[in-house]
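J.: Following this message is one structure expressed as structure tokens.
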Amino acid sequence: MNSASPFAHEALFYRDEDDFLSGTARFVTDGVSRGEPVLVAVPEASIALLRGRLGRQADHVHFIDMTEAGRNPGRIIPGVLMAFSASTPQRRVRMVGEPIWPGRSELEYPACLQHEALINTAFEGRNATLLCPYNATSLPSHVLEDARRTHPVVIDGAKRVASEWYTDPAGLVDRYNVPLPPPPSNAEEHVFSVGTLAHMRKLVFAYATWLRREQVDDLVLAVNELATNSILHASGRGTLRMWREGDTVVCEVSDSGTGFPPSFTGLSGFGIVMVNLLCDLVRTHTSHSGTTVRVYLGR
């Protein structure tokens with residue numbers, strides 16, 4: 001990442017409540033004093049703590065519960081950070097974003113890591129500062145190691161240093177392009193093509209009817225976007241698999257193509273952004289034999 005870039009992406013390692021408040025409150029207060037729009041997107045319990053520390057200055061801060069808005073890691077850049085940055089395009093913005101908190105599942109983690117890496121690409125050249133808190137007491141050591149790879153600067157206690165481990169974002173995204181767990185043996189499987197897209201949408205609608213109606217509509221739209229991408233950019237056909245994991249409906253679309261690009265520009269980039277905005281989790285794996293995209297939506 002160009003050291004002269006107006007975008008700054010920093011990790012804050014904290015070990016207790018006081019550590020968290022000290023690092024984030026100082027960052028937020030500095031932004032408020034400079035007249036910068038400030039966003040804080042962290043779990044709700046941390047919002048309450050930070051509000052108490054900031055006092056009246058909290059009135060100048062926009063707070064978002066990251067466990068809701070960022071439940072799907074792929075939703076954070078377009079739906080939280082980019083949305084806030086775009087709301088004041090002529091001014092430098094300051095944001096606190098905690099995308100990886102204790103309790104995130106191993107299933108979600110590759111998408112979290114890819115999110116943190118892609119921030120450096122998505123915000124390159126933008127007038128913004130982003131501070132990402134990491135609970136260094138509760139998170140696994142490999143998460144902290146990866147934080148040093150995704151953030152050009154790491155703050156740990158009184159030390160603020162350039163990360164020697166910082167890694168090219170594209171390389172990290174590729175590193176976590178890992179195979180997905182196999183579908184269960186009872187998964188429904190359907191082959192689709194351009195002539196059967198309407199039928200495929202009906203199958204998804206019927207399978208997901210136990211979700212809320214608006215969720216069913218979102219899932220049908222997301223799967224249709226994935227299937228359309230398969231038809232346009234792969235062999236003209238693909239395979240849909242559907243199953244349930246507890247209260248969650250899982251739909252998987254696989255084909256022989258190279259998949260959506262991991263970016264936020266262009267038609268295909270917008271397509272995968274839309275899928276992320278609609279679903280609770282999106283996992284993707286691309287190999288020499290094709291692409292698999294798996295989406296999760298829970299009641």
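J.: Consider residue 148 carefully, then state whether it is outside the structural domain of residue 77 (by TED's automatic domain parsing), in contact with a strand residue (DSSP E or B) (Cβ under 8 Å, 6 or more places away or on another chain) and in contact (Cβ under 8 Å) with a residue 40 or more places away in the chain.
T.: On the way: outside the structural domain of residue 77 (by TED's automatic domain parsing): no; in contact with a strand residue (DSSP E or B) (Cβ under 8 Å, 6 or more places away or on another chain): yes; in contact (Cβ under 8 Å) with a residue 40 or more places away in the chain: yes.
The answer is no for residue 148.
J.: So if I check each of 122, 117, 86, 128, which one is in contact with a strand residue (DSSP E or B) (Cβ under 7 Å, 6 or more places away or on another chain) and at negative phi? Steps first, please.
T.: Working: 122 fails: in contact with a strand residue (DSSP E or B) (Cβ under 7 Å, 6 or more places away or on another chain); 117 fails: in contact with a strand residue (DSSP E or B) (Cβ under 7 Å, 6 or more places away or on another chain); 86 fails: in contact with a strand residue (DSSP E or B) (Cβ under 7 Å, 6 or more places away or on another chain).
One residue alone meets the criteria, 128.
J.: For region 91-207, which helices (runs of 4 or more DSSP H) that fit wholly inside it have 3 or more residues that are modelled with pLDDT of 95 or more and farther than 26 Å from residue 42 by Cα?
T.: On the way: elements: 109-122, 141-150, 169-175, 197-207.
Result: 197-207.
J.: Only one of 169, 99 is at negative phi, crowded, with 18+ Cβ neighbours inside 10 Å and free of Cβ contacts under 8 Å to residues at least 40 places away in the same chain; which?
T.: On the way: 169 fails: free of Cβ contacts under 8 Å to residues at least 40 places away in the same chain.
The unique qualifying residue is 99.
J.: Could you say whether any residue in region 79-94 is basic (Lys, Arg), crowded, with 20+ Cβ neighbours inside 10 Å and under 30 Å from residue 286 (Cα atoms)? Can you show your working first?
T.: Initially, region 79-94 is screened for residues basic (Lys, Arg), giving 91-92, 94.
This time we only want the ones that are crowded, with 20+ Cβ neighbours inside 10 Å, so: 94.
This time we only want the ones that are under 30 Å from residue 286 (Cα atoms), so: none.
Checked region 79-94: no residue is basic (Lys, Arg), crowded, with 20+ Cβ neighbours inside 10 Å and under 30 Å from residue 286 (Cα atoms).
J.: For region 222-236, what are the residues that are in a helix (DSSP H, G or I) and surrounded by fewer than 15 Cβ atoms within 10 Å (Cβ to Cβ)?
T.: Initial filter on region 222-236 (in a helix (DSSP H, G or I)): 222-233.
Residue satisfying the conditions is 232 alone.
J.: Looking at region 220-234 only, could you name the residues that are touching a strand residue (DSSP E or B) at 6+ places or on another chain (Cβ under 9 Å) and among the β-branched types (Val, Ile, Thr)?
T.: Matches in region 220-234: 223, 231.
J.: For region 50-64, give me the residue count where each residue is surrounded by fewer than 16 Cβ atoms within 10 Å (Cβ to Cβ) and under 17 Å from residue 22 (Cα atoms).
T.: The first filter runs over region 50-64 and keeps only residues surrounded by fewer than 16 Cβ atoms within 10 Å (Cβ to Cβ), leaving 51-52, 55-56, 59, 62.
In the following step, the residues that additionally are under 17 Å from residue 22 (Cα atoms) were identified as 51-52, 55-56.
So the count comes out to 4.
J.: So, one more: Within region 184-204, how many residues are surrounded by 15 or more Cβ atoms within 10 Å (Cβ to Cβ) and free of Cβ contacts under 8 Å to residues at least 24 places away in the same chain?
T.: Count: 2.
J.: Would you confirm, using the coordinates I've provided, whether residue 181 is loosely packed, with under 13 Cβ neighbours inside 10 Å and not charged (D, E, K, R)?
T.: Values: loosely packed, with under 13 Cβ neighbours inside 10 Å: yes; not charged (D, E, K, R): yes.
Yes, satisfied.
J.: Kindly provide the set of residues from region 102-127 that are within 16 Å of residue 10 (Cα to Cα), in contact with a Ser or Thr (Cβ under 8 Å, 6 or more places away or on another chain) and free of Cβ contacts under 8 Å to residues at least 60 places away in the same chain, ordered by number.
T.: 116, 117
J.: I would also like to ask the following. Could you say whether any residue in region 36-47 is part of a helix (DSSP H, G or I) and more than 24 Å from the chain's Cα centre (by Cα)?
T.: Initially, region 36-47 is screened for residues part of a helix (DSSP H, G or I), giving 44-47.
Adding the requirement that they be more than 24 Å from the chain's Cα centre (by Cα) leaves none.
Scanning region 36-47 turns up no residue that is part of a helix (DSSP H, G or I) and more than 24 Å from the chain's Cα centre (by Cα).
J.: Also, quick follow-up: Being assigned to a helix (DSSP H, G or I) and touching a residue at least 24 places away in the same chain (Cβ under 8 Å) is the filter; apply it to region 208-221 and report the residue that is surrounded by the most Cβ atoms within 10 Å (Cβ to Cβ).
T.: First, pick out the residues of region 208-221 that are assigned to a helix (DSSP H, G or I): 213-221.
Imposing the further condition that a residue be touching a residue at least 24 places away in the same chain (Cβ under 8 Å) reduces the set to 215, 218-219, 221.
Working: 215: 18, 218: 21, 219: 24, 221: 16.
Across region 208-221, the extreme among qualifying residues is 219.
J.: Also: So which residues in region 55-90 are within 20 Å of the chain's Cα centre (by Cα) and not in a helix (DSSP H, G or I)? So that I can check it myself, show each step before the final result.
T.: So in region 55-90, the residues within 20 Å of the chain's Cα centre (by Cα) come out as 62-87.
Within region 55-90, 62, 63, 64, 65, 70, 71, 72 meet the criteria.
The values are calculated or read from the model by the stated rules, or taken from the named source; none is laboratory data. A quick note: this is a predicted structure, and the numbers were derived from the prediction, not measured. All Cβ positions, even for glycine, are placed from backbone atoms using ideal geometry, and neighbour counts span all protein chains on display.
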